[in-house]
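Read through the structure below, which is laid out as structure tokens, and then see the notes.
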Amino acid sequence: MSDETNESEAKPAKKKGKLGKILMMTVGGVVLIGGGVAGGLYATGSPLLHGGAAKAAEVDNGPHLVPKAEQKRITGDTGNGESSGSGSGQDTPAGSGGDKYASNYYAMDKEFTSNLQNSVHFVQVGIAVSTPYDDTVINNLKTNEIAVRSAILLALGQTTEDEVFTTDGKVKLQAQLVKAINDTLKQKEGFGGISNVYFTNFIVQ
């Protein structure tokens, strides 16, 4: 009797031991697989581990380059189905060559007046800028226009007579102004985006 009792108690104990081992192996496998997946996502820089949707939305809200194909084309349509002007009202055909991206222009309202470096003369210029990006860059410029105007005036104040009286000097000044504007926008917004500066007025007195 006692031997039979001992055998019947030992059998359930063995079953419980096997079940525990199976559970432990299953849990361990899940943990290993999960760790492998997480490691893979981290290694590839997946947004799932770096802010997810919020990070993606942040990137989407930044400036975007605007290809010429996406730029609104002038058709001559007045909006009521009639063509304005004497043309046929057809779309202007796309030309070959040129820039890949559309130019977004913005003319700054007030002109800039500054003394020239080591000179009795002063320069007065009107400035317009262009960017291949969407309106985000222009809006950043408008938001920080006071800081941008200050940076432009400082750059003009470092300009010499030789630079303003020659074409090469003016081209060099354009590049300096692009840098001054972009440096200010990067400081304020984290992104520049201005590609060119154009003179709408240029007077030296």
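The values are calculated or read from the model by the stated rules, or taken from the named source; none is laboratory data. The model shown is predicted, which means the values in this text are computed figures rather than measured ones. As a convention, Cβ positions derive from the backbone with ideal geometry for all residues, glycine included, and neighbour counts pool all protein chains shown.
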Filter the stretch 139-153 for residues that are of a type outside the set (A, V, I, L, M, F, W, C) and assigned to a helix (DSSP H, G or I); the one that is farthest from G62 (Cα to Cα) is S150
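Can you confirm whether K142 is charged (D, E, K, R), surrounded by fewer than 18 Cβ atoms within 10 Å (Cβ to Cβ), within 21 Å of V66 (Cα to Cα) and within 20 Å of the chain's Cα centre (by Cα)? Write out each step before concluding.
Numbers: charged (D, E, K, R): yes; surrounded by fewer than 18 Cβ atoms within 10 Å (Cβ to Cβ): yes; within 21 Å of V66 (Cα to Cα): yes; within 20 Å of the chain's Cα centre (by Cα): yes.
Yes.
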Residue in the stretch 111-133 that is farthest from F202 (Cα to Cα), counting only those that are touching a residue at least 12 places away in the same chain (Cβ under 8 Å) and part of a loop (DSSP other than H, G, I, E, B): P132
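Here's a check for you: in the stretch 154-176, which residue that is in contact with a Leu (Cβ under 7 Å, 6 or more places away or on another chain) and not in a helix (DSSP H, G or I) is nearest to P63 (Cα to Cα)? Before you say what the answer is, go through the steps one by one.
Step one: filter the stretch 154-176 for residues in contact with a Leu (Cβ under 7 Å, 6 or more places away or on another chain), giving 155, 159-161, 163-164.
With not in a helix (DSSP H, G or I) added as a condition, the list becomes 159-160.
Values: T159: 31, T160: 35 Å.
Checking each candidate, the answer is T159.
The rows are residues; the columns are (1) touching a strand residue (DSSP E or B) at 6+ places or on another chain (Cβ under 8 Å); (2) at pLDDT 90 or above; (3) under 14 Å from I181 (Cβ atoms); (4) β-branched (V, I, T).
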site	(1), (2), (3), (4)
D77	yes, no, no, no
G97	no, no, no, no
D109	no, yes, no, no
I127	yes, yes, yes, yes
I138	yes, yes, yes, yes
S150	no, yes, yes, no
T159	yes, yes, no, yes
Taking the stretch 177-193 as the search range and keeping residues that are assigned to a helix (DSSP H, G or I) and buried (at least 18 other Cβ atoms within 10 Å of the Cβ), which one is nearest to the chain's Cα centre (by Cα)? E189
